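Engineer: Have a look at this one.
The values are calculated or read from the model by the stated rules, or taken from the named source; none is laboratory data. As the structure is a prediction and not an experimental result, all values here were calculated from the model. Heads up, the Cβs are rebuilt from the backbone with ideal geometry, glycines too, and the neighbour counts pull from every protein chain shown.
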């Protein structure tokens, strides 16, 4: 009877697994390319050249062409000259951009999942106390419901109190609702601000407000630090200040932290909490 709910969660698991695969392919491809750059740099360093001459010689040149619409000829419009260190930096920037858009995909899949949970509970099983005020007839379509994803989550949390308990007190040791709100804000910045935070204080305030952390003097500093851990703040690279960083980093020589997969897991965890609690609601009301 309740297979629809279980099947939809299984489908969400499959969707996030595909994103994780894309992330791992991207990561491994770039690592191979960076290894090639490292070998080229080592070979270049062995060249028997005068130091002055050596350091003025570009180690990599990229030419870019376009077809002139008036002449029909292929013309050079720009070129770049990089040493290998600069080239590697561009690789990291590009890879991080790909990770950003995978996170956007993940959050939008999460939104679709929320909409489908709502339709299963409120349209298929007709659980009226979970229904939005604007959906009294239980016939809003996906396009309309997409505007109200946050209100749907609020409704689920208000009418199914255990959700609020489970999102904080769970075996991950995380406040998963906070991470969902942070990912939502990051998604907005990536889509509308080219993945760069222009005002860190405002973003901190928004995420803390939306996740219900504001006003808790004990927790605020801890959660601010978590958010700041995803924002580039090194003044040495001013052009990168404010960029949302999803690059992996090493905890030690053996263990690395995969930021993207961690955030994807937070979406999965919260989705599971919703699924479990809404399943109980269905059983108690049908």
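Engineer: Hey, any hits in region 59-72 for a residue that's surrounded by 10 or more Cβ atoms within 10 Å (Cβ to Cβ), at pLDDT below 85 and touching a strand residue (DSSP E or B) at 6+ places or on another chain (Cβ under 6 Å)?
Structural biologist: So far as region 59-72 goes, yes, one or more of its residues are surrounded by 10 or more Cβ atoms within 10 Å (Cβ to Cβ), at pLDDT below 85 and touching a strand residue (DSSP E or B) at 6+ places or on another chain (Cβ under 6 Å).
Engineer: Is it the case that some residue within region 203-211 is in a helix (DSSP H, G or I) and loosely packed, with under 14 Cβ neighbours inside 10 Å?
Structural biologist: yes
Engineer: Scan 240, 263, 279, 246 and give me the residue that is closer than 22 Å to residue 10 by Cα and under 21 Å from the mean Cα position of the chain (by Cα).
Structural biologist: Criteria check complete, one pass: 263.
Engineer: Does region 164-180 contain at least one residue that is touching a strand residue (DSSP E or B) at 6+ places or on another chain (Cβ under 8 Å) and either surrounded by 19 or more Cβ atoms within 10 Å (Cβ to Cβ) or more than 20 Å from residue 9 (Cα to Cα) (or both)?
Structural biologist: Looking through region 164-180, none of the residues is touching a strand residue (DSSP E or B) at 6+ places or on another chain (Cβ under 8 Å) and either surrounded by 19 or more Cβ atoms within 10 Å (Cβ to Cβ) or more than 20 Å from residue 9 (Cα to Cα) (or both).
Engineer: Could you please find all residues in region 1-23 being surrounded by fewer than 13 Cβ atoms within 10 Å (Cβ to Cβ) and modelled with pLDDT under 95?
Structural biologist: 1, 3, 6
Engineer: Check region 220-243 and report whether any residue there is touching a strand residue (DSSP E or B) at 6+ places or on another chain (Cβ under 9 Å), assigned to a helix (DSSP H, G or I) and surrounded by fewer than 19 Cβ atoms within 10 Å (Cβ to Cβ).
Structural biologist: yes
Engineer: Now, a different point. In region 74-98, which residues are in a strand (DSSP E or B) and at pLDDT 90 or above?
Structural biologist: Once the filter is applied, which keeps residues that are in a strand (DSSP E or B) and at pLDDT 90 or above, region 74-98 yields 74, 75, 76, 77, 78, 79.
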